[in-house]
Amino acid sequence: MSDEQPWRSIPLDRVNWRLAASSRNAMVLFAHSTPPRDPKYPSGHEWAGMTLGELADLGERKWARTLNVGVKAVAAIKELIDRAAAGEDVTVGIDGDSYQPQPWPRQP
């Protein structure tokens, strides 16, 4: 991992695609980024096991030639890479509405 570009080592299956894409495009990008449930059917999971840096290295032309990846999905990929490179956390994390554990025993 490069200290200058830590975003390049982010695994694609940890990227929160909904930060930049509509629900349909986020679903497509998520599917391409995760391993298939059944290894006999790898179609649609071309980027499984890759990092954000490896995806960036593929380039726009390869992205656009991937199944169900169109202009809007390509724009979402570019936006997420730009946001990650700018230092924003683009990984799947704790939702803002999630309950956060409190110290126990609780103090009055």
To the nearest 0.05, the calculated FRET efficiency linking Glu88 and Ser23 through their beta-carbon distance, R0 being 22 Å, is 0.60
In Å², rounded to a whole number, the accessible area per residue of the chain with probe 1.4 Å is 71 Å²
Rounded to the nearest 10, the angle in degrees between the Cα long axis of helix 71-85 and the longest principal axis of the Cα atoms of the chain comes to 50 degrees
A correct Karplus calculation of ³J(HN,Hα) over the range 38-54, with 6.51 cos²θ - 1.76 cosθ + 1.60, θ = phi - 60°, whole Hz and x for Gly and Pro, returns 10, x, 5, 10, x, 4, x, 10, 4, 9, 4, x, 8, 9, 4, x, 5
Quick calc: nm separation of the 7 Å Cα→Cβ label points for Lys62 and Arg37 -> 2.8 nm
Across Ala86, Ala31, Ala20, the residue with the highest GNM fluctuation in the chain (Cα network, 10 Å cutoff) is Ala86
Interchain or sequence-distant (5+) residues whose placed amide H lies within less than 5 Å of the amide H of Val92 are Val15, Asn16
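Over the chain, what is the relative contact order in whole percent, taking alpha-carbon pairs under 8 Å and six or more residues apart?
32 percent
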Heavy-atom accessible area with a 1.4 angstrom probe orders Val74, Val92, most exposed first, as Val92, Val74
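The values are calculated or read from the model by the stated rules, or taken from the named source; none is laboratory data. Only a predicted model underlies this, so the values are computations on that prediction, with no experimental measurement involved. Positions of Cβ are backbone-derived with ideal geometry, glycine not excepted, and every protein chain shown enters the neighbour counts. Only protein heavy atoms, including side chains, enter the accessible area calculation; ligands, DNA and RNA are left aside. Shrake-Rupley method; radii C 1.70, N 1.55, O 1.52, S 1.80 Å.
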